[in-house]
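The values are calculated or read from the model by the stated rules, or taken from the named source; none is laboratory data. Keep in mind that this is a model prediction, so the values were computed, not measured. Virtual Cβ from ideal backbone geometry, glycine too; neighbours counted across all protein chains shown.
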Amino acid sequence: MNCEQVAQYLPGLAGDELGAETIRWVQTHVADCPSCRAESARYRSLASGLSSLSAVEIEPPALLAEAIAERVRNERRRRFLPVPPVVSPEIARAVADNRDAIVSAGATLIAAGAAFALWRAARNRRTTRIASA
Amino acid sequence: MHIDATLVEAARRGDPEAFESLLERTHKAVYGLVYRLVGNHEDAADVMQETYLRIWRSLRSYRGEAAFETWAYRIAANAAMTYLKRRGREAEPVDPATLAPLERAEPSPDEPPDAGALEEALARLPVAMRTVLVMKDVYGFSLAEIAKQVGATEGALKVRVFRARRRLAEELYGNDVIVPMRRKKTS
(Lines give C-alpha, C1' and ligand atoms only; values in the text may rest on other atoms or scores of the structure.)
Protein backbone atom coordinates (compact mmCIF):
# COMPACT_ATOMS: atom_id res chain seq x y z
CA MET A 1 0.00 0.00 0.00
CA ASN A 2 1.48 3.36 -1.00
CA CYS A 3 0.45 7.03 -1.09
CA GLU A 4 -0.83 6.87 -4.68
CA GLN A 5 -3.17 4.00 -3.81
CA VAL A 6 -4.45 5.71 -0.67
CA ALA A 7 -4.81 9.18 -2.25
CA GLN A 8 -8.12 8.41 -3.95
CA TYR A 9 -9.74 7.59 -0.58
CA LEU A 10 -8.39 10.56 1.39
CA PRO A 11 -11.24 12.91 0.33
CA GLY A 12 -13.68 10.36 1.81
CA LEU A 13 -12.05 10.15 5.21
CA ALA A 14 -13.67 13.37 6.46
CA GLY A 15 -17.12 12.36 5.19
CA ASP A 16 -19.42 9.41 5.80
CA GLU A 17 -18.95 7.69 2.46
CA LEU A 18 -16.26 5.06 3.16
CA GLY A 19 -16.93 1.62 4.61
CA ALA A 20 -15.40 0.66 7.97
CA GLU A 21 -12.88 -1.71 6.35
CA THR A 22 -11.60 0.95 3.92
CA ILE A 23 -11.35 3.52 6.71
CA ARG A 24 -9.20 1.14 8.78
CA TRP A 25 -7.01 0.38 5.78
CA VAL A 26 -6.50 4.06 4.90
CA GLN A 27 -5.94 5.11 8.52
CA THR A 28 -3.22 2.51 8.96
CA HIS A 29 -1.30 4.14 6.12
CA VAL A 30 -2.10 7.71 7.22
CA ALA A 31 -0.74 7.04 10.72
CA ASP A 32 2.70 6.29 9.28
CA CYS A 33 2.79 8.79 6.41
CA PRO A 34 3.30 12.51 7.14
CA SER A 35 2.24 13.75 3.66
CA CYS A 36 -1.00 11.71 3.63
CA ARG A 37 -1.65 12.77 7.25
CA ALA A 38 -1.28 16.43 6.23
CA GLU A 39 -3.57 15.93 3.25
CA SER A 40 -6.15 14.13 5.33
CA ALA A 41 -6.10 17.04 7.81
CA ARG A 42 -6.56 19.43 4.88
CA TYR A 43 -9.71 17.57 3.79
CA ARG A 44 -11.04 17.71 7.35
CA SER A 45 -10.46 21.48 7.40
CA LEU A 46 -12.14 21.79 4.02
CA ALA A 47 -15.15 19.80 5.27
CA SER A 48 -15.42 22.03 8.32
CA GLY A 49 -15.13 25.19 6.19
CA LEU A 50 -17.73 23.94 3.72
CA SER A 51 -20.27 22.95 6.37
CA SER A 52 -20.07 26.40 7.97
CA LEU A 53 -20.68 28.11 4.58
CA SER A 54 -24.41 27.37 4.78
CA ALA A 55 -24.66 29.88 7.63
CA VAL A 56 -22.99 32.57 5.50
CA GLU A 57 -25.79 34.56 3.89
CA ILE A 58 -25.61 35.66 0.29
CA GLU A 59 -27.57 38.87 -0.15
CA PRO A 60 -30.31 38.36 -2.76
CA PRO A 61 -31.06 41.17 -5.24
CA ALA A 62 -33.17 43.97 -3.76
CA LEU A 63 -36.94 43.41 -4.13
CA LEU A 64 -36.54 39.73 -5.02
CA ALA A 65 -38.93 38.67 -2.24
CA GLU A 66 -41.49 41.26 -3.41
CA ALA A 67 -41.16 40.09 -7.04
CA ILE A 68 -41.73 36.47 -5.96
CA ALA A 69 -44.70 37.45 -3.79
CA GLU A 70 -46.25 39.32 -6.74
CA ARG A 71 -45.73 36.32 -9.03
CA VAL A 72 -47.45 34.03 -6.50
CA ARG A 73 -50.31 36.55 -6.10
CA ASN A 74 -50.78 36.55 -9.90
CA GLU A 75 -50.77 32.77 -9.94
CA ARG A 76 -53.41 32.74 -7.18
CA ARG A 77 -55.62 35.23 -9.08
CA ARG A 78 -55.23 33.27 -12.30
CA ARG A 79 -56.24 30.08 -10.53
CA PHE A 80 -59.42 31.54 -9.11
CA LEU A 81 -60.62 33.26 -12.33
CA PRO A 82 -63.51 31.53 -14.13
CA VAL A 83 -62.16 29.22 -16.79
CA PRO A 84 -62.99 30.48 -20.33
CA PRO A 85 -64.75 28.00 -22.64
CA VAL A 86 -62.18 25.92 -24.36
CA VAL A 87 -62.36 24.94 -28.03
CA SER A 88 -61.05 21.43 -28.47
CA PRO A 89 -57.79 21.21 -30.43
CA GLU A 90 -59.47 18.99 -33.09
CA ILE A 91 -62.09 21.67 -33.84
CA ALA A 92 -59.48 24.46 -33.87
CA ARG A 93 -57.32 22.43 -36.30
CA ALA A 94 -60.30 21.63 -38.59
CA VAL A 95 -61.22 25.33 -38.73
CA ALA A 96 -57.64 26.35 -39.53
CA ASP A 97 -57.29 23.70 -42.26
CA ASN A 98 -60.58 24.70 -44.00
CA ARG A 99 -60.47 28.45 -43.53
CA ASP A 100 -60.88 29.31 -47.28
CA ALA A 101 -63.82 26.94 -47.69
CA ILE A 102 -65.48 28.32 -44.55
CA VAL A 103 -64.99 31.94 -45.74
CA SER A 104 -66.43 31.25 -49.22
CA ALA A 105 -69.36 29.29 -47.72
CA GLY A 106 -70.04 32.26 -45.43
CA ALA A 107 -69.85 34.72 -48.37
CA THR A 108 -72.23 32.55 -50.43
CA LEU A 109 -74.70 32.43 -47.53
CA ILE A 110 -74.58 36.23 -47.14
CA ALA A 111 -75.04 36.76 -50.89
CA ALA A 112 -77.97 34.28 -50.97
CA GLY A 113 -79.54 36.03 -47.96
CA ALA A 114 -79.19 39.43 -49.66
CA ALA A 115 -80.67 38.11 -52.93
CA PHE A 116 -83.62 36.59 -51.03
CA ALA A 117 -84.23 39.87 -49.17
CA LEU A 118 -84.19 41.83 -52.47
CA TRP A 119 -86.56 39.34 -54.13
CA ARG A 120 -88.99 39.57 -51.17
CA ALA A 121 -88.92 43.35 -51.19
CA ALA A 122 -89.62 43.43 -54.96
CA ARG A 123 -92.48 40.94 -54.54
CA ASN A 124 -94.01 42.96 -51.70
CA ARG A 125 -93.89 46.13 -53.82
CA ARG A 126 -95.61 44.31 -56.78
CA THR A 127 -98.33 42.89 -54.47
CA THR A 128 -99.00 46.33 -53.01
CA ARG A 129 -99.30 47.89 -56.56
CA ILE A 130 -101.77 45.18 -57.72
CA ALA A 131 -103.86 45.59 -54.56
CA SER A 132 -104.08 49.34 -54.90
CA ALA A 133 -104.96 49.16 -58.66
CA MET B 1 -33.68 29.51 10.08
CA HIS B 2 -36.39 28.08 12.28
CA ILE B 3 -39.94 28.24 11.04
CA ASP B 4 -42.94 28.13 13.33
CA ALA B 5 -45.20 25.16 12.58
CA THR B 6 -48.37 27.24 13.04
CA LEU B 7 -47.20 29.63 10.33
CA VAL B 8 -46.61 26.72 7.95
CA GLU B 9 -50.04 25.30 8.82
CA ALA B 10 -51.72 28.65 8.11
CA ALA B 11 -49.94 28.90 4.74
CA ARG B 12 -50.92 25.30 4.02
CA ARG B 13 -54.58 26.19 4.61
CA GLY B 14 -54.24 28.92 1.97
CA ASP B 15 -53.66 32.06 4.08
CA PRO B 16 -51.84 34.43 1.64
CA GLU B 17 -50.31 36.52 4.44
CA ALA B 18 -48.88 33.44 6.11
CA PHE B 19 -47.32 32.39 2.80
CA GLU B 20 -45.74 35.81 2.30
CA SER B 21 -44.41 35.71 5.84
CA LEU B 22 -42.88 32.28 5.12
CA LEU B 23 -41.31 33.69 1.96
CA GLU B 24 -39.91 36.66 3.86
CA ARG B 25 -38.37 34.44 6.53
CA THR B 26 -36.91 31.76 4.29
CA HIS B 27 -35.88 33.42 1.04
CA LYS B 28 -32.39 34.55 2.11
CA ALA B 29 -31.33 31.10 3.25
CA VAL B 30 -32.87 29.43 0.19
CA TYR B 31 -31.20 32.04 -2.02
CA GLY B 32 -27.79 31.01 -0.60
CA LEU B 33 -28.34 27.43 -1.76
CA VAL B 34 -29.69 28.42 -5.17
CA TYR B 35 -26.93 30.95 -5.83
CA ARG B 36 -24.22 28.44 -4.89
CA LEU B 37 -25.78 25.86 -7.21
CA VAL B 38 -26.32 28.02 -10.30
CA GLY B 39 -23.34 30.35 -9.79
CA ASN B 40 -24.77 33.81 -10.61
CA HIS B 41 -27.40 36.25 -9.38
CA GLU B 42 -29.44 36.50 -12.58
CA ASP B 43 -30.09 32.77 -12.90
CA ALA B 44 -30.53 32.47 -9.13
CA ALA B 45 -33.35 35.05 -9.22
CA ASP B 46 -35.15 33.05 -11.96
CA VAL B 47 -34.74 29.79 -10.04
CA MET B 48 -36.03 31.45 -6.86
CA GLN B 49 -39.27 32.45 -8.61
CA GLU B 50 -39.74 28.90 -9.84
CA THR B 51 -38.88 27.50 -6.39
CA TYR B 52 -41.49 29.53 -4.53
CA LEU B 53 -44.15 28.86 -7.17
CA ARG B 54 -43.48 25.15 -6.66
CA ILE B 55 -43.57 25.58 -2.89
CA TRP B 56 -46.90 27.41 -3.14
CA ARG B 57 -48.37 24.78 -5.49
CA SER B 58 -47.30 21.82 -3.38
CA LEU B 59 -47.76 23.29 0.08
CA ARG B 60 -51.04 21.41 0.53
CA SER B 61 -49.19 18.11 0.11
CA TYR B 62 -46.54 19.06 2.73
CA ARG B 63 -47.15 16.74 5.66
CA GLY B 64 -44.34 17.91 7.94
CA GLU B 65 -42.23 14.70 7.72
CA ALA B 66 -39.18 16.93 7.29
CA ALA B 67 -38.67 20.44 8.68
CA PHE B 68 -40.15 23.09 6.40
CA GLU B 69 -36.70 24.53 5.64
CA THR B 70 -35.37 21.07 4.63
CA TRP B 71 -38.39 20.60 2.39
CA ALA B 72 -37.87 24.07 0.86
CA TYR B 73 -34.17 23.31 0.25
CA ARG B 74 -35.12 20.11 -1.58
CA ILE B 75 -37.55 21.94 -3.84
CA ALA B 76 -34.97 24.68 -4.48
CA ALA B 77 -32.24 22.14 -5.33
CA ASN B 78 -34.61 20.36 -7.68
CA ALA B 79 -35.59 23.61 -9.42
CA ALA B 80 -31.91 24.58 -9.73
CA MET B 81 -30.95 21.18 -11.17
CA THR B 82 -33.78 21.38 -13.72
CA TYR B 83 -32.57 24.86 -14.69
CA LEU B 84 -28.95 23.76 -15.01
CA LYS B 85 -29.90 20.76 -17.16
CA ARG B 86 -31.84 23.03 -19.48
CA ARG B 87 -28.91 25.44 -19.73
CA GLY B 88 -26.46 22.60 -20.50
CA ARG B 89 -22.97 23.79 -21.33
CA GLU B 90 -23.98 27.45 -21.08
CA ALA B 91 -24.16 26.99 -17.32
CA GLU B 92 -20.47 26.05 -17.02
CA PRO B 93 -18.31 28.64 -15.29
CA VAL B 94 -15.83 30.58 -17.36
CA ASP B 95 -12.76 28.48 -18.26
CA PRO B 96 -10.49 28.78 -15.18
CA ALA B 97 -7.51 29.15 -17.49
CA THR B 98 -8.87 32.55 -18.54
CA LEU B 99 -9.44 33.69 -14.95
CA ALA B 100 -6.90 35.41 -12.75
CA PRO B 101 -5.24 32.80 -10.52
CA LEU B 102 -6.98 32.26 -7.21
CA GLU B 103 -5.19 33.80 -4.30
CA ARG B 104 -4.16 30.58 -2.62
CA ALA B 105 -4.70 29.82 1.00
CA GLU B 106 -1.61 29.18 3.04
CA PRO B 107 -1.43 25.39 2.98
CA SER B 108 -2.06 25.04 6.69
CA PRO B 109 -3.69 21.64 7.05
CA ASP B 110 -5.39 22.37 10.36
CA GLU B 111 -7.28 25.59 9.75
CA PRO B 112 -10.28 25.86 7.44
CA PRO B 113 -9.78 28.27 4.54
CA ASP B 114 -11.77 31.49 4.86
CA ALA B 115 -15.30 31.64 3.49
CA GLY B 116 -14.46 34.04 0.64
CA ALA B 117 -11.70 31.80 -0.74
CA LEU B 118 -13.94 28.75 -0.43
CA GLU B 119 -16.81 30.45 -2.30
CA GLU B 120 -14.45 31.52 -5.07
CA ALA B 121 -12.91 28.07 -5.39
CA LEU B 122 -16.38 26.48 -5.46
CA ALA B 123 -17.49 28.86 -8.22
CA ARG B 124 -14.58 27.71 -10.39
CA LEU B 125 -15.54 24.03 -10.28
CA PRO B 126 -17.38 22.45 -13.21
CA VAL B 127 -21.15 22.43 -12.57
CA ALA B 128 -21.35 18.65 -11.98
CA MET B 129 -18.72 18.87 -9.22
CA ARG B 130 -19.93 22.12 -7.69
CA THR B 131 -23.54 20.99 -7.37
CA VAL B 132 -22.72 17.74 -5.53
CA LEU B 133 -20.30 19.47 -3.16
CA VAL B 134 -22.76 22.25 -2.39
CA MET B 135 -25.55 19.78 -1.66
CA LYS B 136 -23.43 17.24 0.25
CA ASP B 137 -20.78 19.22 2.11
CA VAL B 138 -22.38 22.65 2.47
CA TYR B 139 -26.06 21.78 3.01
CA GLY B 140 -25.76 18.20 4.28
CA PHE B 141 -28.03 16.44 1.77
CA SER B 142 -27.74 12.65 1.94
CA LEU B 143 -26.12 10.74 -0.92
CA ALA B 144 -29.49 9.10 -1.66
CA GLU B 145 -31.18 12.50 -1.91
CA ILE B 146 -28.50 13.92 -4.21
CA ALA B 147 -28.53 10.77 -6.34
CA LYS B 148 -32.25 11.35 -6.90
CA GLN B 149 -31.70 15.03 -7.73
CA VAL B 150 -28.87 14.50 -10.23
CA GLY B 151 -30.02 11.15 -11.63
CA ALA B 152 -26.95 9.10 -10.72
CA THR B 153 -26.30 5.96 -8.69
CA GLU B 154 -24.96 6.42 -5.17
CA GLY B 155 -21.73 4.64 -6.18
CA ALA B 156 -21.10 6.99 -9.10
CA LEU B 157 -22.00 9.92 -6.90
CA LYS B 158 -19.43 8.95 -4.23
CA VAL B 159 -16.70 8.99 -6.87
CA ARG B 160 -17.91 12.39 -8.06
CA VAL B 161 -17.90 13.78 -4.51
CA PHE B 162 -14.31 12.55 -3.91
CA ARG B 163 -13.13 14.05 -7.20
CA ALA B 164 -14.88 17.32 -6.43
CA ARG B 165 -13.24 17.57 -2.98
CA ARG B 166 -9.88 16.82 -4.53
CA ARG B 167 -10.39 19.44 -7.25
CA LEU B 168 -11.46 21.98 -4.64
CA ALA B 169 -8.32 21.24 -2.61
CA GLU B 170 -6.22 21.74 -5.74
CA GLU B 171 -7.94 25.06 -6.42
CA LEU B 172 -7.25 26.22 -2.87
CA TYR B 173 -3.83 24.80 -2.11
CA GLY B 174 -2.32 24.09 -5.54
CA ASN B 175 -1.40 20.74 -7.09
CA ASP B 176 1.98 20.57 -5.42
CA VAL B 177 0.65 19.91 -1.91
CA ILE B 178 -1.94 17.33 -2.94
CA VAL B 179 -0.78 13.69 -2.99
CA PRO B 180 -0.91 12.44 -6.60
CA MET B 181 -3.32 9.57 -7.29
CA ARG B 182 -2.39 6.34 -8.98
CA ARG B 183 -3.16 6.66 -12.67
CA LYS B 184 -5.19 3.91 -14.29
CA LYS B 185 -3.14 1.97 -16.81
CA THR B 186 -4.20 2.51 -20.41
CA SER B 187 -3.30 -0.23 -22.87
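Listed residues B:Glu50, B:Glu9, B:Glu17; which is part of a helix (DSSP H, G or I) and closer than 25 Å to B:Asp137 by Cα?
On inspection, the qualifying residue turns out to be B:Glu50.
Among the conditions (1) aliphatic (A, V, I, L, M); (2) within 11 Å of chain A (Cβ to nearest Cβ); (3) surrounded by fewer than 19 Cβ atoms within 10 Å (Cβ to Cβ), B:Ala67 misses just one, which is (2).
Starting from residues that are in a helix (DSSP H, G or I), free of Cβ contacts under 8 Å to residues at least 12 places away in the same chain and not basic (Lys, Arg), keep the ones in the range B:136-151 and report whichever is surrounded by the fewest Cβ atoms within 10 Å (Cβ to Cβ). Quick ask: steps written out before the conclusion?
To start, the set of residues in the range B:136-151 that are in a helix (DSSP H, G or I) comprises B:136-138, B:143-150.
Among the residues that remain, those that are also free of Cβ contacts under 8 Å to residues at least 12 places away in the same chain are: B:144, B:147-148.
Subset that is not basic (Lys, Arg): B:144, B:147.
Numbers: B:Ala144: 10, B:Ala147: 18.
Per the stated criteria, the residue is B:Ala144.
Only one of the numbered conditions (1) within 18 Å of B:Ala80 (Cβ to Cβ); (2) of a type outside the set (Val, Ile, Thr); (3) assigned to a loop (DSSP other than H, G, I, E, B) is not met by B:His2, and that is (1). Considering every residue within the range A:80-93, establish whether at least one is closer than 30 Å to B:Lys28 by Cα and part of a helix (DSSP H, G or I). The answer is yes; a qualifying residue exists. Failed condition for B:Asp43, given (1) within 11 Å of chain A (Cβ to nearest Cβ); (2) among the charged types (D, E, K, R); (3) surrounded by fewer than 23 Cβ atoms within 10 Å (Cβ to Cβ), with all others met? Status for B:Asp43: all satisfied but (1).
Kindly evaluate A:Ile58 against the criterion of being under 36 Å from the mean Cα position of the chain (by Cα), within 14 Å of chain B (Cβ to nearest Cβ), surrounded by fewer than 17 Cβ atoms within 10 Å (Cβ to Cβ) and over 25 Å from B:Arg160 (Cα atoms). Yes, satisfied.
Of the residues making up the range B:46-63, those that are free of Cβ contacts under 8 Å to residues at least 40 places away in the same chain and more than 7 Å from chain A (Cβ to nearest Cβ) number 10. Do you know which residues across the range B:64-78 are without any contact (Cβ under 8 Å) to a residue 40 or more places away in the chain and in contact with a helix residue (DSSP H, G or I) (Cβ under 9 Å, 6 or more places away or on another chain)? Listed by number, the residues that qualify are B:Glu65, B:Ala66, B:Trp71, B:Ile75.
This table checks each residue for (1) buried (at least 20 other Cβ atoms within 10 Å of the Cβ); (2) at the interface with chain A (Cβ under 9 Å from one of its Cβ atoms); (3) modelled with pLDDT under 95; (4) farther than 20 Å from B:Leu84 by Cβ.
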position: B:Pro109; (1), (2), (3), (4): no, yes, yes, yes
position: B:Asp114; (1), (2), (3), (4): no, yes, yes, yes
position: B:Ala117; (1), (2), (3), (4): no, yes, yes, yes
position: B:Val134; (1), (2), (3), (4): yes, yes, no, no
position: B:Gly155; (1), (2), (3), (4): no, no, yes, yes
position: B:Ala169; (1), (2), (3), (4): yes, yes, yes, yes
position: B:Tyr173; (1), (2), (3), (4): yes, yes, yes, yes
position: B:Asp176; (1), (2), (3), (4): no, no, yes, yes
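Kindly indicate which of B:Ala18, B:Ala80, B:Ala29 is within 11 Å of another protein chain (Cβ to nearest Cβ) and among the aliphatic types (A, V, I, L, M).
Only one candidate passes the filter, namely B:Ala29.
Looking at B:Ala105, B:Ala123, B:Ala97, just one residue is over 30 Å from B:Ala67 (Cβ atoms), modelled with pLDDT under 95 and in a helix (DSSP H, G or I), and that residue is B:Ala97. Residue-level check: of (1) farther than 30 Å from B:Pro16 by Cβ; (2) at pLDDT below 90, A:Arg44 misses just (2).
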